[in-house]
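Heads up: the structure comes next, in structure tokens.
Coordinate-derived values only; no laboratory data. These figures come from a predicted structure and were not determined experimentally. Reconstructed Cβ throughout: ideal geometry from the backbone, glycine too, with neighbour counts over all protein chains shown.
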Amino acid sequence: MMITVELSMYPLDADYKPAIRAFIHKLSACDGLETVTNQMSTQVRGEFDDVMPAITACLKQSMSDNDKVVFVTKFLNSGLDIAQTPDLV
């Protein structure tokens, strides 16, 4: 089953950018995932059995590396075309 996940990371640290960059780079390096990052979030698309272990590993690493970090996620049980800008007209 294809899924799409949107993740937003909020490190509770004044120097938050390195933690966000590290998380995005680690997630983007995972095999079998399509990722798109913008100013607000990172979206991931792929097979459930590829996406979930990758997200789990990246979340665990980020939570271990940072004192306090908040993640906001949304899961959709469908593979949206995240590389395509939606037609809102």
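Within the chain, how many Lys pairs sit with Cα atoms under 17 Å apart, leaving out pairs fewer than 8 places apart on the same chain?
4
On a 0 to 90 degree scale, rounded to 10, what angle separates helix 17-28 from the longest Cα axis of the chain?
It works out to around 40 degrees.
Of all chymotrypsin sites (Phe, Trp or Tyr not before Pro) in the chain, which ones are in loop regions per DSSP and have a Cβ with at most 15 other Cβ atoms within 10 Å?
Those satisfying the criteria are TYR16.
To the nearest 10 degrees, how steep is helix 48-65 against the longest Cα principal axis of the chain, on a 0 to 90 scale?
20
Defining a contact as two alpha carbons under 8 Å apart and six or more residues distant in sequence, what relative contact order in percent does the chain show?
46
With a bin width of 5 angstrom, please list the P(r) values of segment 2-76 as percents of all Cα-Cα pairs, from the 0 bin to the one holding the largest distance.
Cα pair-distance distribution for segment 2-76, in percent: 3, 16, 32, 26, 15, 6, 1, 0.
Provide the FRET efficiency to the nearest 0.05 for the ASP67-MET1 pair, computing r from the beta carbons and using R0 = 25 Å.
0.10
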